[in-house]
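Worksheet for the structure shown next.
The values are calculated or read from the model by the stated rules, or taken from the named source; none is laboratory data. Remember, it's a predicted structure, so these values are computed and weren't measured experimentally. Virtual Cβ from ideal backbone geometry, glycine too; neighbours counted across all protein chains shown.
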Ligand SMILES: [Zn+2]
Ligand SMILES: [Zn+2]
Ligand SMILES: [Zn+2]
């Protein structure tokens, strides 16, 4: 993959706005101000500002000179000062939200749990687990589709990044569905060229294993499938790797094709049964039609009919064709 050009992070170590932001956050009083303003924030409320005296009282800083100094430093960055008082800026809200989503919830894990779902490779029961911010789908019998946990004997069918907040009040099935939905929304935004985390531009590529072993998991690329899609943000380094089938299934022609065959690709993904139907009924076959430049055909088949999407190396759709049985 090409070097990510134009990232503002290139000068991170030399200082600049990002370092200033980290420095601003590295203080107990300033963090207490942000959290206090966040607690008084309400979505859709017309006015969630706190007056100076109230803010100072809630933060509980005895020394008013110190308090003024810290509040002043936050103003224009994470805090907006208005005629009525103080409130979090958009950047302030984003910072507090990401801390809450990532680490603000007590450590959660889900031990491997069998759910009503089969491995699409061998038909054995699948189980899901959550650890270190990832939802894992394992096959209880075969090698699965990926290996990236060398310490783990179980075959991995999928892995989805998910914030710990997603585990609150959800069953294992609902956690899996939430992971699916979150990942697909991220993927779809990145296919469109917009980073879901920072709104920066996206680099997209097809990776094709040069020396692929077709029998089970390839020793060279660690995947069952020969090709994969990689999308990453040039600004904040957000990334997602997906199957090429998932890229094709975002195209409106494929969405329409599946819909005419009774399968909704873009609704009902909160239900495990619907996700299972998608995996069972709309399987995609990937063919490498040219190596240089890489050209990949992704064919989705339903009821004997086929729709084929040809992808370029940057995941652009070059051509769509349909064949009716
Ligand atoms: Zn299996
Ligand atoms: Zn390979
Ligand atoms: Zn980004």
Item to check | segment 227-242, residues that are in contact with a strand residue (DSSP E or B) (Cβ under 9 Å, 6 or more places away or on another chain), in contact (Cβ under 8 Å) with a residue 12 or more places away in the chain and more than 16 Å from ligand 2 (Cβ to nearest atom) | outcome: 231, 232, 233, 234, 235, 238, 240, 242
Checklist entry - Yes or no: residue 254 touching a helix residue (DSSP H, G or I) at 6+ places or on another chain (Cβ under 9 Å) and more than 16 Å from ligand 3 (Cβ to nearest atom)? => result yes
Checklist entry - Counting only residues that are surrounded by fewer than 18 Cβ atoms within 10 Å (Cβ to Cβ), in contact (Cβ under 8 Å) with a residue 60 or more places away in the chain and within 16 Å of ligand 3 (Cβ to nearest atom), how many does segment 166-200 have? => result 1
Checklist entry - Would segment 146-160 turn up any residue that is over 20 Å from residue 121 (Cβ atoms), touching a residue at least 12 places away in the same chain (Cβ under 8 Å) and more than 16 Å from ligand 3 (Cβ to nearest atom)? => result no
Item to check | Boolean, residue 87 is at pLDDT 90 or above and more than 25 Å from residue 277 (Cβ to Cβ) | outcome: yes
Checklist entry - When segment 59-75 is examined, which residues are found to be within 36 Å of the chain's Cα centre (by Cα) and touching a residue at least 12 places away in the same chain (Cβ under 8 Å)? => result 59, 70, 71, 73, 74
Checklist entry - Pick from 288, 315: which is closer than 24 Å to residue 210 by Cβ and part of a loop (DSSP other than H, G, I, E, B)? => result 315
Item to check | Subset tally (residues that are over 15 Å from residue 206 (Cβ atoms) and touching a residue at least 24 places away in the same chain (Cβ under 8 Å)) for segment 300-325 | outcome: 7
Checklist entry - Can you pull out the residues in segment 206-226 that are under 20 Å from residue 318 (Cβ atoms), near ligand 2 (Cβ under 9 Å from one of its atoms) and in a strand (DSSP E or B)? => result 208
Item to check | Pick from segment 201-215, criterion over 17 Å from residue 250 (Cα atoms) and within 14 Å of ligand 3 (Cβ to nearest atom), ranking: surrounded by the most Cβ atoms within 10 Å (Cβ to Cβ) | outcome: 203
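Within segment 235-285, which helices (runs of 4 or more DSSP H) (wholly inside it) include 3 or more residues that are more than 26 Å from residue 173 (Cα to Cα)?
Output list reads 252-260.
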Checklist entry - Inside segment 92-118, can you point out the residues that are part of a helix (DSSP H, G or I) and at pLDDT 90 or above? => result 92, 93
Checklist outcome for this item: Of the residues in segment 216-231, those that are surrounded by fewer than 19 Cβ atoms within 10 Å (Cβ to Cβ) and within 16 Å of ligand 3 (Cβ to nearest atom) number 1
Checklist entry - Residues in segment 119-139 that are surrounded by fewer than 16 Cβ atoms within 10 Å (Cβ to Cβ) and on the phi < 0 side of the Ramachandran plot: how many? => result 6
